[in-house]
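One structure is given below, represented as structure tokens, and several questions about it will come after.
The values are calculated or read from the model by the stated rules, or taken from the named source; none is laboratory data. Since we're looking at a predicted model, the values are computed, not measured. Here Cβ is always computed from backbone atoms with ideal geometry, including for glycine, and neighbour counts include all displayed protein chains.
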Amino acid sequence: MPLPKPIKQATAQWTLKFSGASRTNVPFALYNQHKKAHLYYKKRPIGVDLRWSKSVKTEWKFVKCDSPKTSSPIRYDQVLALYNTSHKHYLVHQKRGLGHGINLGWSKKLHTKTCQWAVHGDKAGKPLGPSPVKNVMLFNTVERDYLVNKWRPAGVDLRWYRYGVSDQIWDLVKKGACAAAVVSDKAKGACATLKALEEFQKAMGYSHTVPKPPSTPKPTSTPKPTSTTRSPSKA
């Protein structure tokens, strides 16, 4: 099943340029086709320490959590850790406050929670094939979304693909009601796009792709009135 062109342009932005075969523990450069630049480690004042470079930066590796020192062909939808050889840390999902960039950070240790990245773009289980591997969708299993290049006012220009989608549209996708008459044309379009992406993910056999439920504010509990008791008066 082909990925609809608008979704492909928005999500399949990455090219993996391996120094050898497309295998775990083999260094590669992470090139963004939209930005026309390579993502690499460098300190910055706000957000995760990542920047863009026109020069090739071969400083990333995919690593298996269960056997980190072994090298084997990388397969689509295989969940792996993403290691940066310059920083000697793993890139992971990390919550950040408003105005502090995308929810990404670093982990020094390798464990099961560090393995949170998968390559999408073809059938699950199929080897990536020879380098360079183009039109890659870089999926994070914690955020359950794709990492894409998009401008932001603070931090490196990275966002999650579904960023900004309203709870109303998520509800429409879940109910299969994208064409409802009461829905605006803009919401119908966004709903149909996300539905098409879900159908593509199912057809490819991808796991971990069920979107995170919309964030709902926790109900505020009303404090119980406190009863005041008078102390008995002295005679």
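Please state which of the following conditions Thr220 fails to meet, knowing it meets all the rest: (1) modelled with pLDDT of 70 or more; (2) in a loop (DSSP other than H, G, I, E, B); (3) surrounded by fewer than 12 Cβ atoms within 10 Å (Cβ to Cβ); (4) not aliphatic (A, V, I, L, M).
Condition not satisfied by Thr220: (1).
Condition check: exposed (fewer than 14 other Cβ atoms within 10 Å of the Cβ), polar (S, T, N, Q) and at pLDDT below 80. Does Ser207 satisfy that?
No.
Could you look through segment 83-102, keep only residues that are surrounded by fewer than 19 Cβ atoms within 10 Å (Cβ to Cβ) and polar (S, T, N, Q), and pick out the one that is nearest to Leu128 (Cα to Cα)?
Among those residues, the one meeting the criterion is Thr85.
Scan (1) at pLDDT below 95; (2) crowded, with 17+ Cβ neighbours inside 10 Å; (3) basic (Lys, Arg) for the single condition Lys69 breaks and write down its number.
Looking at each condition in turn, Lys69 falls short on (2).
On to the next question. If you check every pair at least six apart or on different chains, which have Cβ atoms under 6 Å apart with a residue in segment 116-140 that is touching a residue at least 60 places away in the same chain (Cβ under 8 Å) first and a residue that is in a loop (DSSP other than H, G, I, E, B) and of a type in the set (S, T, N, Q) second?
Leu128/Ser22; Ser131/Ser22; Val133/Ser22
Which residue, of Val156, Val136, is within 14 Å of the chain's Cα centre (by Cα), at pLDDT 95 or above and within 30 Å of Gly99 (Cβ to Cβ)?
Val136
Going by the conditions given, is Gln201 out of contact with any Lys or Arg (no Cβ under 8 Å at 6 or more places or on another chain), closer than 21 Å to Thr11 by Cα and at pLDDT 50 or above?
Yes: the conditions hold for Gln201.
In the set Ser107, Ser131, which member is surrounded by 16 or more Cβ atoms within 10 Å (Cβ to Cβ), over 30 Å from Pro153 (Cβ atoms), among the small types (Gly, Ala, Ser) and more than 13 Å from the chain's Cα centre (by Cα)?
Every option except Ser131 fails the conditions.
Which residues, taken from segment 27-39, are touching a Phe, Trp or Tyr at 6+ places or on another chain (Cβ under 8 Å) and either under 24 Å from Tyr161 (Cβ atoms) or buried (at least 19 other Cβ atoms within 10 Å of the Cβ) (or both)?
Phe28, Ala29, Leu30, Tyr31, Asn32, Gln33, Lys35, Ala37, His38, Leu39
Further question: Of the conditions (1) among the aliphatic types (A, V, I, L, M); (2) under 13 Å from the mean Cα position of the chain (by Cα); (3) closer than 19 Å to Leu80 by Cβ; (4) not in a strand (DSSP E or B), Ala124 clears all except one; give me its number.
(2)
Quick one: which strands (runs of 3 or more DSSP E) lie wholly within segment 1-82 and hold at least 1 residues that are over 23 Å from Pro130 (Cβ atoms) and under 19 Å from the mean Cα position of the chain (by Cα)? Before the answer, list the steps.
Values: elements: 14-18, 28-32, 37-41, 50-53, 58-63.
Fully inside segment 1-82 and qualifying: 37-41, 50-53.
If a residue has to be among the basic types (Lys, Arg), farther than 17 Å from Val119 by Cα and in contact with a Lys or Arg (Cβ under 8 Å, 6 or more places away or on another chain) to count, how many in segment 23-77 make the cut?
Looking only at segment 23-77, we keep the residues that are among the basic types (Lys, Arg), and these are 23, 35-36, 42-44, 51, 54, 57, 61, 64, 69, 75.
Filter once more, so that each one left must be farther than 17 Å from Val119 by Cα: 35-36, 42-44, 51, 54, 57, 69.
Filter once more, so that each one left must be in contact with a Lys or Arg (Cβ under 8 Å, 6 or more places away or on another chain): 36, 42, 44, 51, 54.
The number of residues fulfilling the criteria is 5.
Another question, then. Looking at Lys64, Lys57, Lys43, which one is surrounded by fewer than 17 Cβ atoms within 10 Å (Cβ to Cβ) and either of a type outside the set (Ser, Thr, Tyr) or touching a residue at least 12 places away in the same chain (Cβ under 8 Å) (or both)? First the steps, then the outcome.
Working: Lys64 fails: surrounded by fewer than 17 Cβ atoms within 10 Å (Cβ to Cβ); Lys57 fails: surrounded by fewer than 17 Cβ atoms within 10 Å (Cβ to Cβ).
Selected residue: Lys43, the only one of Lys64, Lys57, Lys43 that is surrounded by fewer than 17 Cβ atoms within 10 Å (Cβ to Cβ) and either of a type outside the set (Ser, Thr, Tyr) or touching a residue at least 12 places away in the same chain (Cβ under 8 Å) (or both).
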